[in-house]
Structure formats: C-alpha cells, structure tokens
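Note sheet for the following structure.
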Amino acid sequence: MPFDLHSINLFDMGKQFVFTLTLQKISFLAVAFMTFASAVAVVTMKNIFHSLLFLVLTFLGVAGIYLLLSADFLAAVQVLVYIGAITVLIMFALMLTSKLMAKRVSQTMEQWIVALPVTLGILVVLIRLVVLNPWGMKAAPAGPTTGIIGTSLMTKYLLPFELASIVLLVAVVGAILLAKEDKSDDPS
Amino acid sequence: MQNNYAYIALFATIGVAFTVATMWVSWVVRPTHKRTGSKAEPYECGELPIGNAWRQFKAGYYIFALLFVVFDVEVAFIFPWARVLRDMKSAGLGLFAFFEMMVFIAILLVGLAYAWRKGVLKWD
C-alpha cells in the first residue's frame, strides 16, 4: 500500500491523533500534488528558465515530503543545498551558455518514439517496486532529528565532522584551480 | 512538534495569497490600453536597452556559484550544531562545541583566503 503513509498506529489512538492524521494526509496530498505538477511543468515549459523555476518548486515539494516523514534535518538541507545551491549552479550554467536562452531553441524532445518505451519500462519497474516492496511499517522517529544529528556530530562523529571541513576546503581549492582563468602570464 | 509545521504552512499560505492578491489587484486596477512607443520599453524615461536581456554572461562568474555551493554546504553543517549548542552548554561542553565549530570554520576560511589571494573575488 504505497500511499498509506500515516495509517500506522491508527488503532489505540484518540480523536486528536485522527485529526492530525487527516491534516497530515491533506498536507501530504497538497505537497505531492505540488511536487508532481511542478515536475510535469519542468519538462513541458517552453522556456528552459521557466523549467528551472518549476524545478525549485519540485525541490520544495520534496522538502515538504521529508518534513511529513519527520526527517526535518533532511528537509532543511534540501532547502539549503538543492534550492539554494544546486539551483544557483544550474541558473549560472544557463546564463553562461551561449544561445541557449534564445527563444527559438526548441525544448521539445524530437526522439520521443525512442524515449517512450524506455520511460514506460522505467515506469513499470517503479510501479512493480512500489507495489511489491514490503514497506516497513515501523513508526518514524518520534521528534525532530536535527538535535540528534547535532549531538552525534559534536560527540561521536567529531573527527568526521572536522574532516568534512577539510573535504570542503579541497572542494574550494579544486574549484578555484579548475575554474579560474589562468592569468600567469600577467605579472600583476 | 507537528504544530510548528502548521506555522510554516500558515506563513507559506499567507505568502502565496499575498502575492496572488497583489497581482490580482494590480490586474484589476490598471488601465487596459495598449502599450506603444516609450510605454512599451522596460524603462520609460531611462536608458534604451541594447539587445536582448537573454544573452550569454561572462563564464568567469561561474566560480562565484561554485564557491557559494561550498559555503552553502558548510551552513548545512552549522545548522545542527546551532540546534544543540545550548544543550551542549548545559551539559558543560559549551566551550568545547564552540571551539569545534570555530576550527571547522577556520579550516574553510583558509579556502576563502586562498580564493582571495588568487584574486577570484575580484569583480572584473
């Protein structure tokens, strides 16, 4: 049963729980609809920049689904990194591409005859996965996860935490080395 | 805990509704005649635009986006730390946690200093 996200522990719960349950269901439906509709818009928009803007909405919807699964840290990172950073990267890539922004460049897939069986095959596999997979009915962790992650970062995983900053440092240096125009001929 | 998300939903709803209402009101109020001549320009009494705004930008700016991504990921690490700092303080580990984050930021500041030294931050 793929969409029964919150039918867990329905018995032995009071009226209050049933209320939040329906509220959760309503918000899940709203978020899922927003995600799906904007994902469709991403691939159907004529202007690729508009596709990008709808991609932001899709990311936001995924963040909402993370929240509904009470993965609040993941939702925050989704907003920070995907909406904040990945979108900026794609936007810069679009703005730096020559002639991609021209209106006459078609966004339409012209080889849809090939694409259709491939995507249909993937769809069948995904549906089989959703239907046949024995979804674990364990309850989600009670309460926000950000604090738990913070505590373990500060105590148990302190060394990996500091190593992460070195990894990020390497990323900074690597990005500068790769992307900077070489001006070594210029003595100033 | 769930009620905090209700606030987020409330704010999102107000934000969307405000935007839609503003655009709807301006659509209702504005005059409907056709824009011709200087009325059709982006700046009615300003500079005449040269060419299209959808044009290629200088590729050197991509480095700013790359640097931004790195420091954005850094924020993702600061976030859970900021959440537990008060708890760590009440556990007697406040200074320890504080300096751990300072070390984390200092290592990344080396990267920023490197970028500065290499002249990446110059807007040319």
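Scanning the stretch B:46-68 for residues that are facing chain A (nearest Cβ under 7 Å) and either under 14 Å from B:Ala115 (Cα atoms) or small (Gly, Ala, Ser) (or both) yields B:Ala59, B:Gly60, B:Tyr61, B:Tyr62, B:Ile63, B:Ala65, B:Leu66, B:Leu67, B:Phe68.
Filtering B:Phe99, B:Phe79 for residues that are among the aromatic types (Phe, Trp, Tyr) and over 27 Å from A:Met91 (Cα atoms) leaves a single hit, B:Phe99. Going by what's in this entry, would B:Ala40 be described as within 27 Å of A:Thr145 (Cα to Cα), free of Cβ contacts under 8 Å to residues at least 12 places away in the same chain and not β-branched (Val, Ile, Thr)? Taking the combined requirement at face value, the residue does not satisfy it.
Based on what the data block shows, is A:Glu181 modelled with pLDDT of 85 or more and either in contact with a Phe, Trp or Tyr (Cβ under 8 Å, 6 or more places away or on another chain) or not small (Gly, Ala, Ser) (or both)? Can you show your working first?
Numbers: modelled with pLDDT of 85 or more: no; either in contact with a Phe, Trp or Tyr (Cβ under 8 Å, 6 or more places away or on another chain) or not small (Gly, Ala, Ser) (or both): yes.
It is false that A:Glu181 is modelled with pLDDT of 85 or more and either in contact with a Phe, Trp or Tyr (Cβ under 8 Å, 6 or more places away or on another chain) or not small (Gly, Ala, Ser) (or both).
Return the only residue of B:Phe71, B:Phe104, B:Phe77 being under 21 Å from the mean Cα position of the chain (by Cα) and either within 7 Å of chain A (Cβ to nearest Cβ) or not in a helix (DSSP H, G or I) (or both).
Values: B:Phe71 fails: either within 7 Å of chain A (Cβ to nearest Cβ) or not in a helix (DSSP H, G or I) (or both); B:Phe104 fails: under 21 Å from the mean Cα position of the chain (by Cα).
After applying the criteria, what remains is B:Phe77.
Annotation: A:Tyr66 fulfils all but one of (1) farther than 24 Å from A:Ile148 by Cα; (2) in contact with a Leu (Cβ under 7 Å, 6 or more places away or on another chain); (3) crowded, with 18+ Cβ neighbours inside 10 Å; the unmet one is (1).
Scanning the stretch A:47-87 for residues that are assigned to a helix (DSSP H, G or I), more than 12 Å from chain B (Cβ to nearest Cβ) and in contact (Cβ under 8 Å) with a residue 12 or more places away in the chain yields a total of 9.
The values are calculated or read from the model by the stated rules, or taken from the named source; none is laboratory data. Only a predicted model underlies this, so the values are computations on that prediction, with no experimental measurement involved. Positions of Cβ are generated from backbone atoms using ideal geometry, with glycine treated the same way; all protein chains shown enter the neighbour counts.
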